[in-house]
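Novice: I am attaching a structure below and will ask some questions about it afterwards.
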Amino acid sequence: MDLGLFAGVLWRSRFLVLVGLLAACAGAVFALARVEVVHGHPRLVYRSPVLYQSNVQLLVTQPGFPDGRSVFDTSPTTLPSGHVNLPKFADPSRFTGLALVYSQLIMGNVSQQRVFGTVKKPRNEAFLASPLPSPGGIGGFLPIIQITGIAASPLKAMALADRVATSFTSYLVQRQKGTGVAQSDRVILDRIAGPLKPAVYAPRKKLRGISVFVVLLMLTIAAAFIRENIRNRRAVVAEESAPAVELPLIGQAQRSGSSSSTHGTALAHEP
């Protein structure tokens, strides 16, 4: 690629290039933002906001704080008297399974309707729920549900995560009461953290603005080269259509001059 030729073409069409560059900048700005009237004054507002997330963690457990005991029976035992002693605490692995099940229930349409009042989610708002993975990358999950609220502001993300956790906890208690589950047999969702400090979930997307800028700039450069080709073609046509001027050859001019001189000398010698 001849950089000198490239720069020369752009310089000869510098006004066109300047207009195209300004149009590319304006197109990139308006691809990322829009004009809104705020308090009677127009201002630019981003089309897509930054999304934030905040987490709430719920421990799936049961009354009696089983995690604080070193040993407890998980299966029925028969005493010497013949009395069957039923276990007071469930198998700890059951709570991990319940964390998986409850996470799916939280993500369901019924839960979304309880939180948002409708099945359709509001714009720029969502929530996620999943069991917390075991630390160290050893595989498996902990009996802890992590609820993530996603919104366009840090405060909204915290409020959404708190609302989802509270809504599902209340729903679980209502179902336990409605089905007559004894107090000692109920599953408890113990909030152990949250709403936690918000963090950026999805930064503002700038690809659209960059794409618009690049496309308009390429079109501007292409227009400059097309203009240069048209200018060169017109110059060639003008040169071909110009009338041809025939110049005498040097030898012919000299012979013509000498014959004229000889003829003049002859006329001078006549009486």
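Novice: Identify all residues within the range 134-164 that are outside any helix (DSSP H, G or I) and open to solvent by less than 20 Å² (accessible area, probe 1.4 Å); write none if there are none. Working first, answer last.
Specialist: Start the filter on the range 134-164 by keeping residues that are outside any helix (DSSP H, G or I), which leaves 134, 138-153.
Listed by number, the residues that qualify are I145, I147, T148, G149, I150, A151.
Novice: What do you reckon, is F225 touching a Cys at 6+ places or on another chain (Cβ under 9 Å) and not in a loop (DSSP other than H, G, I, E, B)?
Specialist: Numbers: touching a Cys at 6+ places or on another chain (Cβ under 9 Å): no; not in a loop (DSSP other than H, G, I, E, B): yes.
So F225 does not fit the description; no.
Novice: May I ask you to list the residues in the range 102-119 that are under 24 Å from Y52 (Cβ atoms), surrounded by 13 or more Cβ atoms within 10 Å (Cβ to Cβ) and aliphatic (A, V, I, L, M)?
Specialist: Residues satisfying the conditions are I106, M107, V115.
Novice: While we're on this one: Here is a list of conditions, (1) under 18 Å from the mean Cα position of the chain (by Cα); (2) of a type in the set (G, A, S); (3) modelled with pLDDT of 90 or more, and S54 meets all of them except one; can you say which number that is?
Specialist: (1)
Novice: For the range 13-27: of the residues being surrounded by 14 or more Cβ atoms within 10 Å (Cβ to Cβ) and at pLDDT 85 or above, which is nearest to the chain's Cα centre (by Cα)? Outline the logic, then answer.
Specialist: Step one: of the range 13-27, the residues surrounded by 14 or more Cβ atoms within 10 Å (Cβ to Cβ) are 13, 16-17, 20-21, 23-25, 27.
Pick out the ones that are also at pLDDT 85 or above and you get 16-17, 20-21, 23-25, 27.
Values: L16: 33, V17: 30, G20: 27, L21: 25, A23: 24, A24: 21, C25: 20, G27: 18 Å.
It comes out as G27.
Novice: Please go through the range 32-58 and give me each residue that is without any contact (Cβ under 8 Å) to a residue 60 or more places away in the chain and in a strand (DSSP E or B), ordered by number.
Specialist: Residues of the range 32-58 without any contact (Cβ under 8 Å) to a residue 60 or more places away in the chain: 33-45, 47.
Of everything in the range 32-58, those that are without any contact (Cβ under 8 Å) to a residue 60 or more places away in the chain and in a strand (DSSP E or B) turn out to be A33, R34, V35, E36, V37, V38, H41, P42, R43, L44, V45.
Novice: Check the range 120-133 and report whether any residue there is open to solvent by 60 Å² or more (accessible area, probe 1.4 Å) and assigned to a helix (DSSP H, G or I).
Specialist: No, there is no match, as no residue in the range 120-133 is open to solvent by 60 Å² or more (accessible area, probe 1.4 Å) and assigned to a helix (DSSP H, G or I).
Novice: Tally the residues that are small (G, A, S), closer than 14 Å to T61 by Cβ and in contact with a strand residue (DSSP E or B) (Cβ under 9 Å, 6 or more places away or on another chain), restricting the search to the range 179-195. First the steps, then the outcome.
Specialist: Of all residues in the range 179-195, those small (G, A, S) come to 180, 182, 184, 193-194.
The next check asks that each one be closer than 14 Å to T61 by Cβ; those that pass are 184.
Checking the rest, the ones that are also in contact with a strand residue (DSSP E or B) (Cβ under 9 Å, 6 or more places away or on another chain) come to none.
Total meeting the criteria: 0.
Novice: Please work out which residue is most open to solvent (accessible area, probe 1.4 Å), limiting yourself to the range 165-204 and to residues that are in a loop (DSSP other than H, G, I, E, B) and under 30 Å from P154 (Cα atoms). Show your work before the answer.
Specialist: Quick first cut of the range 165-204, residues in a loop (DSSP other than H, G, I, E, B) only: 179-182, 186-187, 194-198, 203-204.
From what's left, under 30 Å from P154 (Cα atoms): 194-198, 203-204.
Details: G194: 31, P195: 46, L196: 65, K197: 179, P198: 35, P203: 93, R204: 74 Å².
Among them, the one singled out is K197.
The values are calculated or read from the model by the stated rules, or taken from the named source; none is laboratory data. Since the structure is predicted, the reported quantities are computational estimates derived from the model, not experimental observations. Glycine gets a Cβ as well: all are built from the backbone with ideal geometry, and neighbour counts include every protein chain shown. Quick note on the areas: whole protein, heavy atoms, side chains included, nothing else; ligands and nucleic acids left out. Shrake-Rupley method; radii C 1.70, N 1.55, O 1.52, S 1.80 Å.
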